[in-house]
Structures are given as structure tokens and as C-alpha cells.
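See structure below.
The values are calculated or read from the model by the stated rules, or taken from the named source; none is laboratory data. Here the structure is a predicted model, which means the values were calculated and not measured. Methodologically, a virtual Cβ is constructed for each residue, glycine included, from the backbone with ideal geometry; neighbour enumeration extends over all protein chains shown.
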Amino acid sequence: MLEDWKVEQQLVLKKNPNYFRKGQPYVDALTLRVIPDEANIVAALRTGQIHHAFLEDNKNFNLLKDEKTLTGYRSARASATTT
């Protein structure tokens, strides 16, 4: 359920107490933060302020790949082209 939304800052979702499956969802809340600068994303990952991020610049991924507390995954970037 939507709890809070600040445009271009963050979106906070909370658990629906009336969800039809008992014991689910498994989390009480989820906060999605907008961090436009990848240097700040890297710093937030290193300090544990955030737990998941998408990085566009491969050099930032390489900065984090040896961090013992993080697990990195690579994937193909989805993109669309219009003419």
C-alpha cells in the first residue's frame, strides 16, 4: 500500500494488513529512494544506507565488486529505440 510519495525523492510502500495470503508479504515496508548521482549511490551502498541499486556506469560497479558485504549482478540493459 502506498504510504508516502515525494516526487523525485522517494516512494514508501507498506504491508497491507488485509492481504489475502497469511504471513505475506514478508516485509513490513519498502522504501524506494531516488539518488541521481552514482557516486552517492556507491557511498550509500558502502555504508548500508541502501541495500539495492542499479548502476549504469561500469566503473562504479567495478568499485564495488570486491566489497565483502555486497553482491553484484550484471544484466543486459533494456532499452527501446523509436524512429
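Here are some notes:
- Failed item, numbered, when residue 40 is tested on (1) modelled with pLDDT under 90; (2) closer than 29 Å to residue 1 by Cα: (1)
- Verdict on residue 63 being more than 12 Å from the chain's Cα centre (by Cα) and not in a loop (DSSP other than H, G, I, E, B): yes
- So residue 45, is it surrounded by 10 or more Cβ atoms within 10 Å (Cβ to Cβ), more than 16 Å from the chain's Cα centre (by Cα), in a helix (DSSP H, G or I) and not aromatic (Phe, Trp, Tyr): no
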